[in-house]
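The structure appears below as structure tokens.
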Amino acid sequence: MLRNLYQLFIAYDCSLVEINPLVITAKQTLIALDAKINFDDNALFRHKDVHQYRDLDEENPLEIEASKYNLNYINLDGNVGNMVNGAGLAMATMDLIKLAGAEPANFLDVGGGASAEMVEHGFRIILGDSNVKAILINIFGGILRCDVLAEGVVKAAKKTGIQVPVVVRMEGTNVEEGRRILGESGLNLITATDLKDAAAKVAELVGG
């Protein structure tokens, strides 16, 4: 059984193969009562038989839309939409939103190499959630430059006719240019000095 698990893991480019629970019957027979398998999305092109099992009816429509643009998006139950670059930073951002008294509406990691177009798509997907009452954008500009983020935010806000307040905290590469783009956009954007300040401001906006 262990050999078969290993062969399955390798042959199908899995990220997880788990049997839980594994039981021994009164007749000393091993039975896998339940199992879980996760596949590496980047390798699914090699496994069309696996890809055919995907059931879009079982997935959140916003998460389906995000997957079209390679955005890491998970819909949640809160009312503060957030856009962050980096999974760790996204988790920390959601923690601070909760500590400030509000609830995150999503996990959205646009990634380090996101383009202005990807940021625009991410913004539009966040706004597709009717529960979102405010948006927090927290970007540390490294690979994703702050001016690229700002261009994407401005384009998305103008195209969607955004009706909710947006708090922006950005630091890093081309941050001054990014702030200039946001400042000259004519949009009602609220800037924050740091992440704690950003979380407090967005929580106040939604009544947290």
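Somewhere in segment 136-149, is a residue outside any loop (DSSP other than H, G, I, E, B), at pLDDT 85 or above and of a type in the set (D, E, K, R)? Taking every residue of segment 136-149 in turn, at least one turns out to be outside any loop (DSSP other than H, G, I, E, B), at pLDDT 85 or above and of a type in the set (D, E, K, R).
Given the options K196, K159, name the one that is closer than 20 Å to H121 by Cβ, of a type outside the set (G, A, S), surrounded by fewer than 14 Cβ atoms within 10 Å (Cβ to Cβ) and in the same structural domain as I125 (by TED's automatic domain parsing).
K159
Scanning segment 12-58 for residues that are surrounded by 10 or more Cβ atoms within 10 Å (Cβ to Cβ), closer than 16 Å to M1 by Cβ and of a type in the set (V, I, T) gives V17, I19, V23, I31, I37. Screening M94 against (1) free of Cβ contacts under 8 Å to residues at least 24 places away in the same chain; (2) surrounded by 10 or more Cβ atoms within 10 Å (Cβ to Cβ); (3) aliphatic (A, V, I, L, M); (4) not assigned by TED's automatic domain parsing to the domain that holds V168 leaves a single unmet condition, (4). Within the option set I125, I139, I135, being closer than 17 Å to L195 by Cβ, within 17 Å of the chain's Cα centre (by Cα) and either touching a residue at least 60 places away in the same chain (Cβ under 8 Å) or not assigned by TED's automatic domain parsing to the domain that holds N79 (or both) holds for one residue only, I135. With respect to (1) surrounded by fewer than 19 Cβ atoms within 10 Å (Cβ to Cβ); (2) of a type in the set (V, I, T); (3) over 10 Å from the mean Cα position of the chain (by Cα), the lone exception for I74 is condition (3).
The values are calculated or read from the model by the stated rules, or taken from the named source; none is laboratory data. In this text the structure is predicted, and so the values were computed from the model without any measurement. As a convention, Cβ positions derive from the backbone with ideal geometry for all residues, glycine included, and neighbour counts pool all protein chains shown.
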